[in-house]
């Protein structure tokens, strides 16, 4: 597929492709696209046949190699399981649940600084999750502009369907950003090893299983993953939620009337406008998926955004229905690679949407600048006009 710039165009392409075949192989480029729900579910959960480690298929890059040490979403068992197990000890559901009062405080402070016209991303959707994550990690919240520069640079790069030379060029473009981020995080990790505090990086330096602790590189990978991917999920979710409520005023009315609907509305917003439209896998052998033969060492793209609109799984999939139940969407993935930050993203979205509903009778979207929809379903800028209650 050529570079896609709009959400509607992306879904029109996926809808047409899904009707043609749930799995399609591009033998010329060594790629396979997976559009159907059961097929995508298999591709992201069967770790023996579908590897998350693509390193043998992409050029080596020192800065990315450092980051990859602890970026367990790109690792396979048993190394994935060991790293995730160590990280999970310092990033527990109980720890996340205890953050709700602080998330509420940050949200109130941020929306208390704006008038009736503001950019939702600049004012709330970006700073809220980054402040939370920065405080968790124990790094200065004053560095928010730096983190955003890193995220915009890294998330704007596409390497999915490029040839080797183009991939090398794309990696070279962001190598300085990766080096800057790695060095920044390493400085904080070394400081916490010398003088531990009550923060996540300190917890990661102390986490131990069977006498094995995390290396600096492994902590860099997880901390960087949490800082970049961890915040953009909530940023995207909040922006997408406000857009969908603007496009469907009846939903906003229902949420104003019954706040108990907010959690299930969030799940439907995730299904309908999934922040990360696709994942990447590599076949470890020649195999069959959806009656289609896929060769060994083929890059496979499970399109989560397409699977979440598969009519075989969801009734009226192109309708936003906040009463949809059950809603087993794949927006956070499934299996061993299910997003470790999903509980935090859900909590931040629930708190933020409730506080916005408390403060405003309506929020009208007046424009926007967006990431390429094939890379990220998210707004970079989302100006709104809000009417106070």
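Rule-based calculations on the coordinates, nothing more; no lab input. What you see is a predicted model, and the numbers here were worked out from it, not measured in a lab. Methodologically, a virtual Cβ is constructed for each residue, glycine included, from the backbone with ideal geometry; neighbour enumeration extends over all protein chains shown.
Sort 270, 200, 144 so the one with the fewest other Cβ atoms within 10 Å of its own Cβ comes first.
Ordered from fewest to most neighbouring Cβ atoms within 10 Å, 270, 200, 144 come out as 144, 200, 270.
What label, among [x] 79, 48, 42; [y] 89, 48, 42; [z] 59, 58, 37, belongs to Cα extents along the principal axes in Å computed from the structure on display?
[z]
Once fully extended, how much extra length lies between residue 257 and residue 316, figured as 0.36 nm per residue of separation less the alpha-carbon to alpha-carbon distance? Kindly include the intermediate steps, with their values, before the conclusion.
Working: separation 59, 0.36 × 59 = 21.24 nm, distance 2.46 nm.
Contour length minus Cα-Cα distance gives 18.8 nm.
State the Cα centre-to-centre distance between the range 351-377 and the range 212-286 in whole Å.
Using only Cα atoms to place each centre, the spacing works out to 13 Å.
For the residues 181, 95, what sequence is obtained by ranking on other C-beta atoms within 10 Å, fewest first?
95, 181
Quick one: among 40, 123, 378, which has the greatest mean-square fluctuation in a GNM of the chain with alpha-carbon springs under 10 angstrom?
It is 123.
Please find, in a Gaussian network model of the chain (springs between Cα atoms separated by less than 10 Å), the residue of 296, 113, 173 whose mean-square fluctuation is greatest.
Comparing 296, 113, 173 in a Gaussian network model of the chain, the most mobile one is 113.
With the contact rule set at Cα under 8 Å and sequence spacing of 6 or more, what percent relative contact order holds for the chain?
Reported relative contact order: 29 percent.
How would 148, 361 line up from fewest to most surrounding beta-carbon atoms within 10 angstrom? Numbers along the way, then the final one.
Working: 148 20, 361 11.
Least to most surrounded, the residues fall as 361, 148.
If you take every DSSP beta bridge whose two residues both sit in the range 7-388, what share of them, in percent to the nearest 5, is antiparallel?
Roughly 85 percent of the DSSP beta bridges within the range 7-388 come out antiparallel.
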